[in-house]
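What follows is a set of notes on a single structure, which appears directly below.
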Amino acid sequence: MPSVELVLFLLLSELATQLVSVFFLYIVFNKLTRADQKRLRFAGVTAATLNAGFSIARWNALKSHWSG
């Protein structure tokens, strides 16, 4: 069974990764023209979906490792 410190570290590192990603996307998105923003929305939704999928896969792998 994992320690509380390890679980908190993993949760905080995941949160920090998401916040940094959103921050940089916000900066880049605001520097684009309106036409470019419209084209980029689909790519952003796709990237967010993939990122969420990788996060879920990472947590599932950790859960299966911890449960034995």
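Limited to region 34-53, what total is found for residues that are surrounded by 11 or more Cβ atoms within 10 Å (Cβ to Cβ) and closer than 24 Å to residue 12 by Cβ?
Result for region 34-53: 4.
Which pairs turn up if I take residues in region 48-60 that are closer than 10 Å to residue 18 by Cβ and look for partners that are in a helix (DSSP H, G or I) and of a type in the set (Gly, Ala, Ser) with beta carbon separation below 8 Å, at least 6 apart in sequence or on another chain?
51/21
Scan 18, 37 and give me the residue that is without any contact (Cβ under 8 Å) to a residue 60 or more places away in the chain, of a type outside the set (Val, Ile, Thr) and touching a Ser or Thr at 6+ places or on another chain (Cβ under 9 Å). Break it down stepwise before answering.
Working: 37 fails: touching a Ser or Thr at 6+ places or on another chain (Cβ under 9 Å).
Sole residue among the options that is without any contact (Cβ under 8 Å) to a residue 60 or more places away in the chain, of a type outside the set (Val, Ile, Thr) and touching a Ser or Thr at 6+ places or on another chain (Cβ under 9 Å): 18.
The rows are residues; the columns are (1) loosely packed, with under 11 Cβ neighbours inside 10 Å; (2) hydrophobic (A, V, I, L, M, F, W, C); (3) touching a residue at least 24 places away in the same chain (Cβ under 8 Å).
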{"residue": "2", "(1), (2), (3)": "no, no, yes"}
{"residue": "7", "(1), (2), (3)": "no, yes, no"}
{"residue": "11", "(1), (2), (3)": "no, yes, no"}
{"residue": "23", "(1), (2), (3)": "yes, yes, no"}
{"residue": "66", "(1), (2), (3)": "no, yes, yes"}
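Test of understanding: among 10, 62, 6, which residue is assigned to a helix (DSSP H, G or I), under 13 Å from the mean Cα position of the chain (by Cα) and of a type outside the set (Phe, Trp, Tyr)?
10
All of the numbers you see were taken from the coordinates with simple rules; none came from a lab. What you see is a predicted model, and the numbers here were worked out from it, not measured in a lab. Heads up, the Cβs are rebuilt from the backbone with ideal geometry, glycines too, and the neighbour counts pull from every protein chain shown.
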